[in-house]
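Data first, discussion second: the structure below is written as structure tokens.
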Amino acid sequence: MAGPVIEARGLGLTFQTGDGPVHALKDVNLTIGRGDFVSFIGPSGCGKTTFLRAIAALEQPTEGTLTVNGMTPEQARKSRAYGYVFQAAGLYPWRTIAGNVRLPLEIMGFSKVEQEARVNNVLQLVDLEGFGKKFPWQLSGGMQQRASIARALAFDADILLMDEPFGALDEIVRDRLNEELLKLWARTGKTIGFVTHSIPEAVYLSTRIVVMSPRPGRITDVIDSPLPKERPLDIRDSAEFIAIAHRVREGLRAGHSYEV
Amino acid sequence: MKAVVPILTVLAVIVALWYAAAVWMNAPWERDQAARAGTAITFAQLLPLTMVQERPVLPAPHQVAVGLWEGLAGQAITSKRSLVYHGWVTLSATLLGFAIGTTAGVLLAVGIVHNRAMDLSVMPWAIASQTIPILAIAPMIIVVLNSVGVSGLLPKAIISAYLSFFPVVVGMVKGLRSPDAMQLDLLRTYNASRAATFWKLRLPASMPYLFTSLKVGIAAALVGAIVGELPTGAVAGLGARLLQGSYYGQTVQIWAALFTAAFAAAALVALIGAVQRVTLRRMGMAR
């Protein structure tokens with residue numbers, strides 16, 4: 001399919017609060033193509049999560065246009081165009097891991113046989129085969145987050161939206177999950193929108209890095225990564241990687257994001 | 001064993017205090033008797049007498065124990081003097097009332113969570129209903145129902161339900177609202193219907209809250225059934241035993257009925273606790 005997967009034109013979103021309007025997003029223009037891995041980076045309040053939620057039709061933009069697969073976000077949500085991964089795994093404690101992954105499939109009305117096949121498939125994809133019968137509390141935080149990614153992948157939407165999915169994990173686990181996420185992306189060819197506040201994470205994962213800054217939330221820089229698709233972890237010591245990370249840091253500083 | 005020692009210690013202290021209080025409260029009657037007979041009575045003579053009075057102000061623990069034992073085991077269970085018979089009369093009203101109250105409570109909670117008008121209108125009435133003294137409203141319910149030809153078990157069960165629905169409403173509303181914004185957003189991303197959200201998220205999430213409410217509710221249901229027996233002319237039930245006891249000054253009978261009610265309440269709460277443990281374990285929510 002030709003055309004962008006996600007396209008924002010002059011997008012603005014203002015929350016009306018007791019202290020007056022808050023401009024969470026202002027004049028955001030961005031085009032995301034099929035198979036892109038796009039990271040949104042910036043400090044708190046820069047609107048990166050709000051933008052992701054707007055794409056998911058969990059927030060309503062107040063200005064401009066936003067299309068997802070050529071539809072409005074609302075239509076895209078109703079046609080189940082994306083899987084969403086939240087910062088916390090949010091697994092249901094009363095369901096097993098397999099039961100949690102099956103949840104969207106039950107709601108969307110897949111047949112029992114289909115459910116079983118898909119659950120097995122995605123659990124394998126996130127390297128959790130054999131853990132289907134365990135309850136969430138029996139798994140580590142990293143494994144729980146992998147299960148929540150499996151849940152988002154289960155119904156095979158083309159778009160995966162991830163809101164700081166590894167933010168609560170320690171760095172060693174995070175590195176491993178980053179590596180696995182890249183492999184998964186390579187195997188599935190999904191379009192991924194990924195919110196983070198870690199510069200190395202953004203540079204390591206993305207084909208494009210969107211640098212944002214707050215008050216009002218806006219895009220200050222969009223960097224197309226020249227890194228190859230195959231990325232071993234030690235690519236992070238390469239000159240190219242450091243150069244991109246530097247540009248991201250400069251972008252954040254230019255937006256007065258980190259007032260040190 | 002470590003858990004038993006403190007419990008027995010507390011029990012022993014209570015029994016000792018009870019005996020002391022029994023002596024202190026029953027002594028005036030013995031002194032009065034002695035004064036009327038014109039004899040002097042020493043404390044050593046008085047002490048054993050306070051333990052065996054026919055109608056003591058405060059019966060000694062062993063008198064209550066004997067009363068309980070005779071009431072529970074010393075009669076045919078169909079006898080009007082059997083505490084098993086009276087206990088069952090009260091228990092059946094309690095259980096029916098509890099079932100009605102729980103059903104009503106859960107349905108009201110579901111309505112409150114899903115309907116804004118009900119949210120705004122029902123809760124104030126539910127709270128107001130509990131501020132009315134049950135002793136005042138119980139005779140009204142009995143009289144009104146009696147005039148439309150309903151008598152026996154059902155009026156008592158309705159009073160039970162009146163007391164037991166409230167904790168269930170409060171607990172279930174809290175339980176059904178316990179899923180956080182992220183959980184609800186997740187289901188929105190699946191475009192889940194309200195029915196799916198209810199069955200897959202809200203209802204299972206509310207289970208721990210439900211069981212806590214049920215424990216409070218069943219104890220309240222028992223109180224309701226006993227109160228419901230007071231204005232009915234005291235024919236049968238633990239409430240009737242309490243009332244008869246107070247008519248005829250049979251304090252031992254009152255205390256025996258009170259203890260039967262307390263044991264029944266403890267057993268019912270323990271039963272719900274057992275169901276809770278099994279259910280939550282099967283749901284995987286107990287570790």
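The values are calculated or read from the model by the stated rules, or taken from the named source; none is laboratory data. In this text the structure is predicted, and so the values were computed from the model without any measurement. With ideal geometry, Cβ positions are generated from the backbone for all residues, glycine too; neighbour counts draw on all protein chains shown. For the accessible areas, the whole protein counts, side chains as well, though only heavy atoms, and no ligand, DNA or RNA atoms are used. Shrake-Rupley method; radii C 1.70, N 1.55, O 1.52, S 1.80 Å.
Brief remarks on what is shown
- Averaging 1/r across all pairs of distinct Cα atoms in the protein assembly as shown and inverting the result yields a Kirkwood radius of 29.0 Å.
- Shape of segment A:24-73 from the C-alpha gyration tensor: oblate (a/c of 1.5 or more and a/b not above b/c, with a ≥ b ≥ c the square roots of its eigenvalues).
- Couplings 3J(HN,Hα) for segment B:105-113, derived from phi with the Karplus relation 6.51 cos²θ - 1.76 cosθ + 1.60 (θ = phi - 60°), are x, 5, 5, 4, 5, 4, x, 5, 6 Hz, where x marks Gly and Pro.
- Loss of accessible area when B meets A, both sides summed, Å² nearest 100, probe 1.4 Å: 2200
- Helix B:251-283 vs. chain B, principal-axis angle (Cα, 0 to 90°, nearest 10): 30
- Order by protection proxy (mean Cβ within 10 Å, highest first), peptides A:157-163, B:140-146, A:140-146, B:130-136: A:157-163, A:140-146, B:140-146, B:130-136
- Cα centroid of segment B:33-75 to Cα centroid of segment A:50-82, whole Å: 82
- Pair A:Thr17, B:Gln130: separation of 7 Å Cα→Cβ label points (nm): 3.5
- Mean Cα-pair separation over length for chain B, i.e. relative contact order, pairs under 8 Å, 6 or more apart, %: 22
- Nearest-ten-degree value, helix A:171-188 long axis tilted from longest Cα axis of chain A: 80
- Here's the list of aspartates and glutamates a cross-link from B:Lys80 could span, going by alpha-carbon distance under 19 Å and ignoring same-chain residues fewer than 8 apart: B:Glu70, B:Glu229.
- Overall, the ratio between the Cα radius of gyration of chain B and 2.2 N^0.38 Å, rounded to two decimals, is 1.30.
- Alpha-carbon centroids, segment B:222-287 and segment A:177-202: separation in whole Å: 61
- Comparing A:Asp237, A:Asp27, A:Asp221 in a Gaussian network model of chain A, where Cα atoms under 10 Å apart are tied by springs, the biggest mean-square fluctuation is seen for A:Asp237.
- For segment A:1-104, alpha-carbon Rg relative to the globular expectation (2.2 N^0.38 Å, N residues): 1.22
- Cα gyration tensor shape of segment A:93-195, rounded if a/c is under 1.5, else prolate or oblate by comparing a/b with b/c: oblate
- Structure-based [θ]222 nm, chain B - -39500 (n - 2.57) summed over DSSP H runs of at least 4, per residue, nearest 500: -26500 deg cm²/dmol
- Across segment B:4-58, the mean sequence separation of Cα contacts (distance under 8 Å, 6 or more residues apart), normalised by length, yields a relative contact order of 43 percent.
- Per the Kirkwood formula applied to alpha carbons, segment B:165-287 shows a radius of gyration over Rh ratio, Rg over Rh, of 1.21.
- Each 10 Å bin from 0 upward holds the following percent of the Cα-Cα pairs of chain A: 7, 30, 35, 22, 6, 0.
- Cα-based shape type of segment B:55-115, given that a ≥ b ≥ c are square roots of the gyration tensor eigenvalues and the cut on a/c is 1.5: prolate
- Inter-probe distance in nm under a simple model that places probes 7 Å from Cα toward Cβ, at B:Trp18 and A:Asp170: 5.5
- Carbon plus sulfur fraction of accessible area for chain A, probe 1.4 Å, in percent: 52
- Divided by 2.2 N^0.38 Å, where N counts the residues, the Cα radius of gyration of segment B:4-58 comes to 1.41.
- Residue with peak Gaussian network fluctuation, chain A [Cα springs, cutoff 10 Å], from A:Thr65, A:Thr207, A:Thr17: A:Thr17
- A 1.4 Å probe run over segment B:83-283, with the rest of the protein chains in place, finds 45 Å² accessible per residue.
- For chain A, the mean residue ellipticity at 222 nm estimated from helices alone is -11000 deg cm²/dmol, where every DSSP H run of n ≥ 4 contributes -39500 (n - 2.57) and the total is divided by all residues, rounded to the nearest 500.
- Residue by residue, segment A:208-221 carries 3J(HN,Hα) couplings of 9, 10, 9, 8, 10, 9, x, 6, x, x, 8, 8, 9, 7 Hz when phi is fed to the Karplus relation 6.51 cos²θ - 1.76 cosθ + 1.60 (θ = phi - 60°); x denotes Gly or Pro.
- Shown is the FRET efficiency for B:Lys2 and B:Arg188, computed with R0 = 60 Å from the Cβ-Cβ distance and rounded to the nearest 0.05: 0.75.
- Here the relative contact order of chain A, from alpha carbon pairs under 8 Å that lie six or more residues apart, stands at 26 percent.
- Taking a sphere under 15 Å around the Cβ of B:Asn115 and counting the other residues whose Cβ falls inside, with K and R at +1 and D and E at -1, yields a net charge of +3.
- Legend: mean number of C-beta atoms from other chains within 10 angstrom of residue C-beta atoms, peptide A:78-91, equals 2.
- The listed residues A:Phe15, A:Phe40, once ranked by accessible area (1.4 Å probe) with the largest placed first, stand as A:Phe15, A:Phe40.
- Full extension of the segment from B:Leu46 to B:Thr103, taken as 0.36 nm per residue of separation minus the current Cα-Cα distance, would add 15.0 nm.
- Once the Cα atoms are used to define both axes, helix A:141-153 deviates from the longest principal axis of chain A by about 90 degrees.
- Counting, for every residue in B:188-199, the Cβ atoms of other protein chains within 10 Å of its Cβ and taking the mean gives 5.
- Inter-label distance, B:Ala195 to B:Tyr248: 6.0 nm, where each label sits 7 Å from its Cα along the C-beta direction.
- Long pairs among A:Lys26/A:Lys48; A:Lys134/A:Lys183; B:Lys174/B:Lys215; A:Lys190/A:Lys229, criterion Cα-Cα beyond 18 Å: A:Lys134/A:Lys183
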